[in-house]
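One structure is given below, encoded as structure tokens.
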Amino acid sequence: MKHNMAQLLVKETGMAEAPLATKSTTKPQCFTELNQRWLFEQLIIGFVIGPVSDDLLDVCETFYSGWLFSATKLVNPFFALLDAEVAHRLAVSAAARGWVPTEKRPDPTILGLEVWGRRFSNPIGLAAGFDKNAEAVEGLLGLGFGFVEVGSVTPVPQEGNPKPRIFRLPQEGAIINRCGFNSEGIVAVAKRLGAQHGKRKLDETSSTSSSSSDEVKHGGKAGPGILGVNLGKNKTSEDATADYVQGVHTLSQYADYLVINISSPNTPGLRQLQGRKQLKDLVKKVQAARDEMQWGEEGPPPLLVKIAPDLSKQDLEDIAAVALALRLDGLIISNTTIARPEPVNRYPVAEEAGGLSGKPLFILSTSILKEIYVLTKVCYLSR
């Protein structure tokens, strides 16, 4: 099934703080105490009299993977003691170096889905804002995510807003951040994604197991999962459209899908681009920039727009109208909110400027998702 307009509505509940214990760690039913003892005995026998069978190694690897994800919970209290941004930085660095568990258990086939001719092994993804500079794509996909979105990436490197700029509300499972598109810039990100893309192509060339006649793309340009690239604008830029066009020209070749982020509350004037006329002009020019590039048989990457949860009904109607008129490939719902709903507003940290994400955003973002669904009459994917 092909999706030609706003047919993927992605729901986000906020920025993850540490990429740990992302999957169920329940032991398969076969791993009773007796089975574990049998497994140990077979391993000993295998080492003594000969090679262990592939099936047994698969079972061992699966069991070890589940145990390792459980063990990572022991590290979480350590991260909680650190400054929020320091903890975030350490988590990204760990994933970049492969110091995080790798999910060896295959996703149940019922979780798989196809969108835009891309095959998602599962519908759970990591939102932009965690791996801003594409440092840890392989490690994060290895955790078991069906897709990872990097960014937001700005054309020119920028520091973002002054620190501290990330504040925890652990009692509510929430974070307030005002990072302000801190980014190493598109050149640094392009180098990393280019290296990953080259490695992927080399692996595909050396592998004889894949079928060239399969119309569905299993995995993406960064490996077994799907890679999204989220584009932002520089804080001091006077031409937002030029920033997004530059991002498209530089990074779209490495992306399974592209995102125009016009909804961060931490860049002055950015949310004004969600107005009907501004959005229409922006999307048309970005689409043209993407389409003027040369693409292979798979065509250009789908283009999505990320919107805010703090929108009026009229704003949503305008966005839906533009999405349908320009046959936009999808909308991401939603970014962080500037609202401070109950009981968040009772905490002193609620006075901090920035966008709120996490559990308190769930009701608001789900409401926006419902409104957009009604306005566009399309299928959607929740994340």
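A few remarks follow.
- Flag for residue 316 being open to solvent by less than 30 Å² (accessible area, probe 1.4 Å), over 18 Å from residue 266 (Cβ atoms) and assigned to a loop (DSSP other than H, G, I, E, B): no
- Any chance residue 273 is within 21 Å of the chain's Cα centre (by Cα), of a type in the set (A, V, I, L, M) and either open to solvent by less than 20 Å² (accessible area, probe 1.4 Å) or closer than 21 Å to residue 321 by Cβ (or both): no
- Residue list for segment 336-360, restricted to those being closer than 15 Å to residue 263 by Cα and out of contact with any Lys or Arg (no Cβ under 6 Å at 6 or more places or on another chain): 336, 337, 338, 339, 355, 356, 357
- Scan segment 275-309 for residues that are in a helix (DSSP H, G or I), more than 15 Å from residue 231 (Cβ to Cβ) and touching a residue at least 12 places away in the same chain (Cβ under 8 Å) and the total you get is 4.
- Restricted to segment 89-198, the set of strands (runs of 3 or more DSSP E) holding at least 1 residues that are out of contact with any Phe, Trp or Tyr (no Cβ under 7 Å at 6 or more places or on another chain) and modelled with pLDDT of 95 or more comprises 147-153, 166-169, 174-177.
- Close pairs from segment 176-194: first closer than 26 Å to residue 337 by Cα, partner open to solvent by 30 Å² or more (accessible area, probe 1.4 Å) and assigned to a helix (DSSP H, G or I), Cβ under 8 Å, at least 6 apart: 176/349
- When segment 129-166 is filtered for residues that are within 20 Å of residue 335 (Cα to Cα), open to solvent by 20 Å² or more (accessible area, probe 1.4 Å) and either in contact with a His (Cβ under 9 Å, 6 or more places away or on another chain) or among the charged types (D, E, K, R) (or both), only 132 remains.
- Segment 342-362 - residue that is over 14 Å from residue 168 (Cβ atoms) and assigned to a helix (DSSP H, G or I) and, of those, farthest from the chain's Cα centre (by Cα): 346
- Residue selected from segment 69-88 under the condition outside any helix (DSSP H, G or I) and among the aliphatic types (A, V, I, L, M), by the criterion least open to solvent (accessible area, probe 1.4 Å): 82
- Within segment 238-263, tally of residues that are open to solvent by less than 10 Å² (accessible area, probe 1.4 Å) and either among the hydrophobic types (A, V, I, L, M, F, W, C) or under 23 Å from residue 338 (Cβ atoms) (or both): 10
- When residue 354 is tested against (1) crowded, with 20+ Cβ neighbours inside 10 Å; (2) touching a Ser or Thr at 6+ places or on another chain (Cβ under 6 Å); (3) not polar (S, T, N, Q), only condition (2) is not met.
The values are calculated or read from the model by the stated rules, or taken from the named source; none is laboratory data. As the structure is a prediction and not an experimental result, all values here were calculated from the model. All Cβ positions, even for glycine, are placed from backbone atoms using ideal geometry, and neighbour counts span all protein chains on display. These accessible areas exclude ligands, DNA and RNA; they are computed on the full protein's heavy atoms, side chains included. Shrake-Rupley method; radii C 1.70, N 1.55, O 1.52, S 1.80 Å.
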